Amino acid sequence: MRYIIDTANREQIDEVLEMGIDGVTANPTMYYTNQEAFYPFIEHYAKKNLSFLSAEVMGSSITEMLEQAKKIRAIHSNIVIKINFSKEGLKVCSLLHKQGYRCAMTLLFTLPQVCAALQAGADYIFPFIGRNDEIGADGLSFIKNVQRMIDQKKYSTKVVAASIKNLHQLEELATMGVDYAAVPYALYMKSLEHSLTTSGAEKFKEDWEKLKEDQLI
């Protein structure tokens with residue numbers, strides 16, 4: 001499972017890119033929260049040749065979404081066009097797929113929605129965990145069933161687990177065979193911490209200093 005950082009905060013993104021993450025995804029709420037202009041943000045990270053960079057189309061009509069997709073593709077042909085799930089979104093995904101665009105379908109909460117996205121030609125799907133839990137569904141079971149179906153049918157579509165809220169969900173995802181986890185910055189940083197890692201590093205440092213004192217280095 002590979003991490004994609006799920007934020008529009010440039011400081012957070014740049015920090016984790018230095019740590020090996022090479023994928024970025026964000027949504028309009030994140031752009032607004034961080035006061036990031038959409039196209040300059042996409043242009044900036046497109047120059048970094050990441051393995052995954054998504055840009056969301058938010059038009060009120062199919063025509064408008066297709067025009068936005070063309071504008072995004074003009075920035076870089078490898079950018080994944082992210083589409084909110086809807087009847088119109090499925091039409092946009094199908095049309096773009098036939099034109100050779102890489103597309104992702106997001107805001108997926110049920111298996112029938114996933115099936116529709118797959119049939120529309122989505123290269124990536126974003127099934128949601130935490131928000132499913134909030135309405136009484138089992139988000140992790142949903143992801144597990146999505147991945148099982150894709151494996152059974154040998155679809156080439158990649159699963160990007162989204163709406164990840166805690167370490168338990170992140171650890172369970174790592175055992176399910178999903179391709180990507182769209183992980184929030186704070187959760188990613190928390191996942192790197194462990195008391196035994198910290199105490200072990202302190203012990204190694206202490207003994208290293210003793211080696212120097214005894215001239216064993």
Residue among Leu187, Leu216, Leu167 that is in contact with a Lys or Arg (Cβ under 9 Å, 6 or more places away or on another chain), surrounded by 16 or more Cβ atoms within 10 Å (Cβ to Cβ) and of a type in the set (A, V, I, L, M, F, W, C): Leu187
Checking His97 against (1) in contact (Cβ under 8 Å) with a residue 24 or more places away in the chain; (2) open to solvent by 70 Å² or more (accessible area, probe 1.4 Å); (3) more than 19 Å from Ser156 (Cα to Cα), the condition it does not meet: (3)
Helices (runs of 4 or more DSSP H) enclosed by region 1-74 - at least 1 residues per element that are touching a residue at least 40 places away in the same chain (Cβ under 8 Å) and buried (at least 19 other Cβ atoms within 10 Å of the Cβ): 10-18
Extreme residue, nearest to Leu108 (Cα to Cα), among residues of region 129-154 that are in a helix (DSSP H, G or I) and among the charged types (D, E, K, R): Arg131
Qualifying positions in region 141-156 - surrounded by fewer than 20 Cβ atoms within 10 Å (Cβ to Cβ), of a type outside the set (D, E, K, R) and in contact (Cβ under 8 Å) with a residue 24 or more places away in the chain: Asn145, Gln147, Met149, Tyr155, Ser156
Residue in region 120-129 that is surrounded by 20 or more Cβ atoms within 10 Å (Cβ to Cβ), at pLDDT 95 or above and over 21 Å from Ser54 (Cα atoms) present: no
Filter result (in a helix (DSSP H, G or I) and either touching a residue at least 24 places away in the same chain (Cβ under 8 Å) or touching a helix residue (DSSP H, G or I) at 6+ places or on another chain (Cβ under 6 Å) (or both)) within region 75-88: Ile75, Glu88
Matching residues, region 171-183, being farther than 16 Å from Leu108 by Cα and surrounded by 21 or more Cβ atoms within 10 Å (Cβ to Cβ): Leu173, Val183
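The values are calculated or read from the model by the stated rules, or taken from the named source; none is laboratory data. Predicted model only: the values in this text are computed from it and were never measured. Ideal geometry is used to build each Cβ from the backbone, glycine not excepted, and the neighbour counts take in all protein chains shown. Please note that ligands, DNA and RNA were not included when accessible areas were found on the heavy atoms of the full protein model with its side chains. Shrake-Rupley method; radii C 1.70, N 1.55, O 1.52, S 1.80 Å.
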